[in-house]
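For reference, the structure is listed below as structure tokens.
The values are calculated or read from the model by the stated rules, or taken from the named source; none is laboratory data. It should be emphasised that the depicted structure is a prediction, and the values quoted were computed from it without experimental measurement. All Cβ positions, glycine included, derive from the backbone under ideal geometry; neighbour counts span all protein chains shown. Side chains included, ligands, DNA and RNA excluded: accessible areas come from the protein's heavy atoms. Shrake-Rupley method; radii C 1.70, N 1.55, O 1.52, S 1.80 Å.
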Amino acid sequence: MKKLIAAFLVFVMLMGIGASTLAGSQNSIKVSINGKKFSVMTANVVFDGKPIETDIPPIVINERILVPIRSIGNHLGAQVDWNQQSKEAILKTSNQEVILKLNSPIVTVNGEKKEIPYGVPAISVNDSRIMVPLRFVSEVLGCRVDWDQETQTGIITNPVNEITDISVENSLGDKPKIVLNTTGKIEYSEDFLIEPDRLIIDVHDSKLNISDKSIVGSNGTVNIKVDKFPVKSVRMAQFSNNPLTVRVVIDLDRQIGYSINSSDDHKQATISFLNNVQDISLKEVRGREAIVIKNSDEFKYNMFTLSNPNRVVIDILDSKLWTNSLELDVNTKFIKRVRSSQFNPDGTYNNHDNIVRVVLDICGDKEIPNIMMETKKNTINIFVDEGDFSNISYSNEYENGGLIKVFAEEETKYSINYNESSRRMEIKIDKDDVELEKGIMTVDDDNISNITVDEDENYKIISFKFNKNIEYEVLSDLVDDTIKISFNKLEENNGSKLIVIDAGHGGKDPGTIAPNSKIKEKDLNLKVALKLDKKLRELGFRTILTRDKDEFIELYERAGIANRNEADAFISVHFNSHNKKDVAGIQTLYCPAFDSQVKGGDNHPFAKAIHDALLSGLNRNDKGIIKRSDLVVVRETKMVAALAELGFVTNPEEEKLIITDAYHEKAAQAIANGIVNYFNSLEK
């Protein structure tokens, strides 16, 4: 008997189990723990007021309740697995994974190892049942646990989910989208009804508790008038108290496709309304070959070009393709093939955005030709040929420059802006006063790389991308029907190094958002990039900014800008985020040459020069120089390239610094110092 007690006390010390809890009583049972028999106290466990059913009763060890893993897993809605080889029990829900190793003080939660609380690990009981600590497992999976001393009962409560907010926002394609925010995991069912057309969403096990009382009526319901296609209004009310159900009704103009996506933590649901891409074909339009894309509704799109191999990409926003994928051999003079599929966002868009990507593969080794986009109601006609913009004239008639003309429908006001950092001239004209379709025209002479036409809500925007810096003179009147601009190239110090500065994110892509100040990463990036541009120019460097304002630039185009201009170095400016608030500091990311098909030399020295200068200049934690061959902007740039993460907006202390102008100034100076140090090291 003494040997048995001594052996058990050794087991207790190893397991962190208090011996005092093991005394026999009328509420005790004999069990085999890890192959040895002991008498242990039992306990009761109830879940949402009902006793849980187990083949082995819950037991008490070291004042903690342990329960069979499969029983508690079933009640908490978790999948339970057992790895016999590693002796690990695994609990999985839609947003949590918990791995408990038998007799181990270490538990893994969502990939992160930590010491198990309360000192009681998972154990094997009666050689067949894995018992796990009730409080730890239940709390990790989102439940509340209380203890009733009098009845020796562990009480698990699944908190009632509350809908705290509903809002109407504009999507990428400018259709309204409905966003629901909840306190817990959102579970719903949906139905579409006609006459009148409406989408019904029932949110289960939920109570309506809207924070913004201004949108709640006297009867406790929500009614939001939208009147923007396709949404007329949004209504929401507590539909049922038993079971708890909140009903959302979205009144629509007509039947339309939609999608419902949940956030990663399942506490937000976004309802988007979708255009259907119905057909893609090659047709003749007014004597010109065109790729014609037919859609069910009005739509918005992004168009850009990619190289290696040359191709034209059209992303149709808030849309679904009528088929899984499409590949069409057209073999025109310029287009070899048309491909289309539902695009899986890769960082350019948000994870749940619905994008139909259409790719036009350019024939052989041909350069990308001119691209004209003609939109008529629900149809896009894409002309890829040698045609040009009918109301834009450009001639390089001067020895050191040229003449630009834009023909308006009538006398009109206009604005001209030239940015020497990006070497881009932008002309804005009221969209009703000029007849121009969206598109891009390749010029590629000594003066101009390309001419693009875009538009916003009010203006046609005509951009000229110059190969070298220019000075210009406006020859037309302030109000005129023909806008005339002459320009001359400026002499540059070609011996100075050319640095491409990339302000990460932009336009519809905000990047991460600071949790307290709500400032968007895209805005922080641009502030630092503009300061860096000024500092490098003062140091004698030539610079190009991939963006000098809040606009969306595709990732491959950012790398393309650097490659086409044969830059000497590329630096991308970013700020970081993490789900743990205590993570803070500076990271520098780069792509090793052996992981890139375009790089010729070692990029680590450049990344190290940037990183060392940032640590010195900002006095923040060192989070390391990280290899990231998955990042387009550092992988697809031919020159040395690095991406600087200038701090974590999710760290409360660092956020306060990050949003200040003084920090932006220091960051820009540090990056400039790093660039200078790198090029100086090459001369030694």
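General remarks:
- Residue tally, condition at pLDDT 85 or above and of a type in the set (Gly, Ala, Ser), over the range 102-137: 4
- Taking the criterion of being at pLDDT below 90 and of a type in the set (Val, Ile, Thr), the only residue of the range 81-101 that qualifies is THR93.
- Subset of the range 109-155 [in contact with an Asp or Glu (Cβ under 8 Å, 6 or more places away or on another chain) and outside any loop (DSSP other than H, G, I, E, B)]: VAL109, ARG129, VAL145, GLY154, ILE155
- Residue in the range 62-76 that is in a loop (DSSP other than H, G, I, E, B) and exposed (fewer than 14 other Cβ atoms within 10 Å of the Cβ) present: no
- The residue that is least open to solvent (accessible area, probe 1.4 Å), counting only those in the range 336-390 that are farther than 21 Å from GLY287 by Cα and among the acidic types (Asp, Glu), is ASP361.
- Selection of strands (runs of 3 or more DSSP E) fully inside the range 196-283 by the criterion of at least 2 residues being at pLDDT 90 or above and crowded, with 17+ Cβ neighbours inside 10 Å returns 198-204, 231-241, 244-252.
- Test: residue in the range 400-421 that is of a type in the set (Asp, Glu), closer than 30 Å to ASP318 by Cα and buried (at least 16 other Cβ atoms within 10 Å of the Cβ): no
- Lone qualifier among LYS468, LYS438 - being at pLDDT below 90 and open to solvent by 60 Å² or more (accessible area, probe 1.4 Å): LYS468
- Checking SER449 against (1) crowded, with 17+ Cβ neighbours inside 10 Å; (2) in a loop (DSSP other than H, G, I, E, B), the condition it does not meet: (2)
- Condition check for GLU397: in a strand (DSSP E or B), free of Cβ contacts under 8 Å to residues at least 12 places away in the same chain, surrounded by fewer than 18 Cβ atoms within 10 Å (Cβ to Cβ) and out of contact with any Gly (no Cβ under 6 Å at 6 or more places or on another chain): yes
- For ILE56, the conditions (1) in contact with a Pro (Cβ under 6 Å, 6 or more places away or on another chain); (2) free of Cβ contacts under 8 Å to residues at least 12 places away in the same chain are fulfilled apart from (2).
- Subset of the range 145-164 that is more than 23 Å from SER211 (Cα to Cα) and open to solvent by 60 Å² or more (accessible area, probe 1.4 Å) - its residue that is nearest to the chain's Cα centre (by Cα): TRP147
- Restricting attention to the range 304-332, the residues being free of Cβ contacts under 8 Å to residues at least 60 places away in the same chain, hydroxyl-bearing (Ser, Thr, Tyr) and either open to solvent by 40 Å² or more (accessible area, probe 1.4 Å) or in contact with a Phe, Trp or Tyr (Cβ under 7 Å, 6 or more places away or on another chain) (or both) number 2.
- Condition check for LYS175: crowded, with 18+ Cβ neighbours inside 10 Å, under 31 Å from the mean Cα position of the chain (by Cα) and among the basic types (Lys, Arg): yes
- Yes/no for GLY154 being closer than 24 Å to LYS185 by Cα and at pLDDT 85 or above: yes
- Of the candidates LYS460, LYS413, LYS428, the single residue that is in contact with a Lys or Arg (Cβ under 6 Å, 6 or more places away or on another chain) and modelled with pLDDT of 85 or more is LYS460.
- Pairs with Cβ under 9 Å, 6+ apart, first in the range 126-148 and closer than 16 Å to TRP82 by Cα and basic (Lys, Arg), second open to solvent by less than 30 Å² (accessible area, probe 1.4 Å) and assigned to a loop (DSSP other than H, G, I, E, B): ARG129/ILE56
- No other residue among LYS484, LYS520, LYS531 is modelled with pLDDT of 90 or more, open to solvent by 70 Å² or more (accessible area, probe 1.4 Å) and within 28 Å of VAL632 (Cα to Cα) apart from LYS520.
- Strands (runs of 3 or more DSSP E) (entirely within the range 564-652) containing at least 3 residues that are within 19 Å of ALA503 (Cα to Cα) and open to solvent by less than 40 Å² (accessible area, probe 1.4 Å): 569-576, 586-590, 640-648
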